Structure formats: structure tokens, C-alpha cells
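Data block below; observations after.
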Amino acid sequence: QVQLVESGGGLVQAGGSLRLSCAASGRTFRRYVMGWFRQAPGKERKFVAAISWSGGGTHYADSVKGRFTISRDNAKNTVYLQMNSLKPEDTAVYYCAADDISVDYSDSVDYWGQGTQVTVSS
């Protein structure tokens, strides 16, 4: 079992930055692929970014490439999402995800956090 707790959301102006954190419980954190999804009001949950268990591999949704960076610290059982050059369309609830194989598709994710709200004003 893995429990995920996100933090770092908030209100920011367009062009600003935020860093989200996701703290995971359990001693097996390093075994999991980690990722971030987001869900805007009335829309489906969408993939944002993922990072391999070692941190050596990352990939991103096209909409955030070049602006967002995912990273992890296995010693701290934490994954991060650095978000720069934020746009109003980035407004959503951001969810941390963990799975032992892949987090590319929400249907197959094993574990979810409770979500943290990110609001970008224009």
C-alpha cells in the first residue's frame, strides 16, 4: 500500500511559478513509477508528467513540455512538479499518481493522492 499526499498548490498570476510536492508513505517508494495528472472542472483527468523509479526517465504531455519539470527524491519518498510560465489553462486540481508499471493512463494507476488545487489568474 502507498499513501500519497500532495501539497504546494495555490493561486498564482499568469507567468508565475509553483512547485507541487507529493509525499509517499511506505518503504517501497523507489519501486514505483510516479506521475502527475490534472483535472479541470467538467473535464476528464489528464496525464501531465511521469518519472521512472530511478528518476532517469521522464516524459510530459505536449501542453506542458518546456514549462513543467518532474523530479523525485527517493531518500525523501517525494516527487515534485516544478511549474513555470503558468497559464490560465493550467488551472486544475493536480493529482499525484503511483504505479508499479506505468502512470501513462489514469485507468491503470494503482494509487492516487487527494489532489491539490492550482489556480492561475490572467
Taking just the C-alpha trace of segment 1-66, give me its Rg and Dmax in Å. 13.5, 38
Accessible surface of the chain, 1.4 Å probe, proportion on carbon and sulfur as whole %: 46 percent
Highest average packing first - 84-93, 10-19, Cβ atoms within 10 Å: 84-93, 10-19
Determine the sum of side-chain charges near TYR105: Lys and Arg each +1, Asp and Glu each -1, restricted to other residues whose C-beta is under 11 angstrom from that of TYR105. -1
So what's the chain giving for Cα Rg divided by 2.2 N^0.38 Å, two decimals? 0.97
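Keeping all protein chains in place, calculate the accessible area per residue for the chain (probe 1.4 angstrom), answer in Å².
Heavy-atom accessible area per residue stands at 53 Å².
By per-residue mean of other Cβ atoms within 10 Å, what is the highest-first order of 61-73, 20-32?
By packing density, highest mean first, the sequence is 20-32, 61-73.
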Which length gain, in nm to one decimal place, applies between ASP107 and SER71 when the Cα-Cα distance is subtracted from 0.36 nm times their residue separation? 10.7 nm
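The values are calculated or read from the model by the stated rules, or taken from the named source; none is laboratory data. For clarity, every value in this text was computed on a predicted model and none was experimentally measured. No Cβ is skipped: glycine too gets one built from the backbone with ideal geometry, and neighbour counts run over all protein chains shown. These accessible areas exclude ligands, DNA and RNA; they are computed on the full protein's heavy atoms, side chains included. Shrake-Rupley method; radii C 1.70, N 1.55, O 1.52, S 1.80 Å.
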